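All remarks here apply to the structure that follows.
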Number of protein chains: 4
Amino acid sequence: MKVIADLSVVPLGVGVSVSKYVAACEKVLREAGLEVRLHAYGTNIEGEWDEVFAAVKRCHEVLHEMGAPRVSSNMRFGTRTDRDQSMADKVRSVEDKLKS
Amino acid sequence: MKVIADLSVVPLGVGVSVSKYVAACEKVLREAGLEVRLHAYGTNIEGEWDEVFAAVKRCHEVLHEMGAPRVSSNMRFGTRTDRDQSMADKVRSVEDKLKS
Amino acid sequence: MKVIADLSVVPLGVGVSVSKYVAACEKVLREAGLEVRLHAYGTNIEGEWDEVFAAVKRCHEVLHEMGAPRVSSNMRFGTRTDRDQSMADKVRSVEDKLKS
Amino acid sequence: MKVIADLSVVPLGVGVSVSKYVAACEKVLREAGLEVRLHAYGTNIEGEWDEVFAAVKRCHEVLHEMGAPRVSSNMRFGTRTDRDQSMADKVRSVEDKLKS
């Protein structure tokens, strides 16, 4: 089952600047071979369900290893059986409507 | 790794009433032996990471089997290494502050 | 326009324990006269759109006044025009399906 | 108070294809003069709190006017008092960490 997701990780108890932790999670996702795209409030992820969620778990583990005592994530994830759709398809589909 | 989570599943392409699908997912979570608590915009879940996410995957599969061509979920999930905390602890901790 | 919502506020840069801040936001929501229900990963809110979002803004302001340099929230909110539905209705609707 | 946000709108009861509705909301956000950036699972938004949330309310209204009986949104939004930060700053901050 393929999934398109969007993940936002928030480490708590490490001060106000969290970009070091977000970057570490980003690295985990990329090294997992997933298609990822960073934006200003999270990261788009595309891949097989088990691979995506294994990488998300690894993110939490890595952030704890880096010293974050608490990690709170927010994630959107969608699956569909009617047709195959990529992240690029989703964006293009909306942009086409905007032009017309 | 224990996780406290909150899941909101939204089936698309099945009309405006989605409670049948939400109930099916609720059943999946309960049958997985997880501690769950339904509220007005999602379900609190407490358990081991792998068991929680296996049940969430099963929710998507079951909703597709029921005929939903598309399922979009939104989930919050938190892990912590500083201490063990249950869902009941979290609520009590806030309620204690409200009384004082 | 009535809205049913679910809010989770996360103050950053104030250490690992955030219940004091969550309680302060809870107090803001209650004092705004909204119907609220605290759970383990957020708070259900029911009310008129403008009143709900004015209270959410006040939450951010109060948390900053308490010393949180950064506040990151996650919120679900739904509106419907087909019929009037309360938070209690939503929960009951799912629970009825679970019994049958 | 400035806010950086990320909005995902889901119209219910209009079938499986929702890009027309997402595009309509995108148009509302742009016409409000906000800085927006569409991605595969939502839209980044930057602006003054009141302007951002007025536009989000308008999105719900427009989707209902288009015929969606139900609209469920998921939104992340963050405010900070320690320093001024743009969406571009946030992305750059993480990308710098990835290079080093």
Determine whether the stretch C:1-22 contains at least one residue that is free of Cβ contacts under 8 Å to residues at least 40 places away in the same chain, in contact with an Asp or Glu (Cβ under 8 Å, 6 or more places away or on another chain), within 23 Å of D:Arg58 (Cα to Cα) and away from chain A (no Cβ under 11 Å). no
Search result, residues across the stretch C:1-37 that are open to solvent by 10 Å² or more (accessible area, probe 1.4 Å), in a strand (DSSP E or B) and under 15 Å from A:Val71 (Cα atoms): C:Ser8, C:Val9, C:Val10
Out of all the residues in the stretch A:38-78, which are open to solvent by less than 20 Å² (accessible area, probe 1.4 Å), touching a Pro at 6+ places or on another chain (Cβ under 9 Å) and not in a strand (DSSP E or B)? A:Leu63, A:Ala68
Every residue in the stretch B:79-100 that is free of Cβ contacts under 8 Å to residues at least 40 places away in the same chain, of a type outside the set (Gly, Ala, Ser) and not in a loop (DSSP other than H, G, I, E, B), please. B:Arg80, B:Asp89, B:Val91, B:Arg92, B:Val94, B:Glu95, B:Asp96, B:Lys97, B:Leu98, B:Lys99
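Listed here are the residues, each with its yes/no results for (1) within 17 Å of B:Asn74 (Cβ to Cβ); (2) within 14 Å of chain A (Cβ to nearest Cβ); (3) among the charged types (D, E, K, R); (4) free of Cβ contacts under 8 Å to residues at least 12 places away in the same chain.
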| site | (1), (2), (3), (4) |
| --- | --- |
| D:Val36 | no, yes, no, yes |
| D:Tyr41 | yes, yes, no, no |
| D:Leu63 | no, yes, no, no |
| D:Gly67 | no, no, no, no |
Only one of D:Arg70, D:Arg58 is among the charged types (D, E, K, R) and in contact with a Ser or Thr (Cβ under 9 Å, 6 or more places away or on another chain). Can you tell me which? D:Arg70
In the stretch D:79-100, anything at the interface with chain A (Cβ under 9 Å from one of its Cβ atoms), within 13 Å of D:Val3 (Cα to Cα) and surrounded by 17 or more Cβ atoms within 10 Å (Cβ to Cβ) is listed as D:Arg80, D:Met87, D:Lys90
Output the number of residues of the stretch B:68-86 satisfying the condition of being within 20 Å of A:Val9 (Cα to Cα) and of a type in the set (A, V, I, L, M). 1
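The values are calculated or read from the model by the stated rules, or taken from the named source; none is laboratory data. The shown structure was predicted, so the numbers you read here are calculated from the model rather than taken from an experiment. Using ideal geometry, Cβ is built from the backbone for each residue, glycine included, and neighbour counts are taken over all protein chains shown. Note: areas computed on protein heavy atoms with side chains; ligands, DNA, RNA excluded. Shrake-Rupley method; radii C 1.70, N 1.55, O 1.52, S 1.80 Å.
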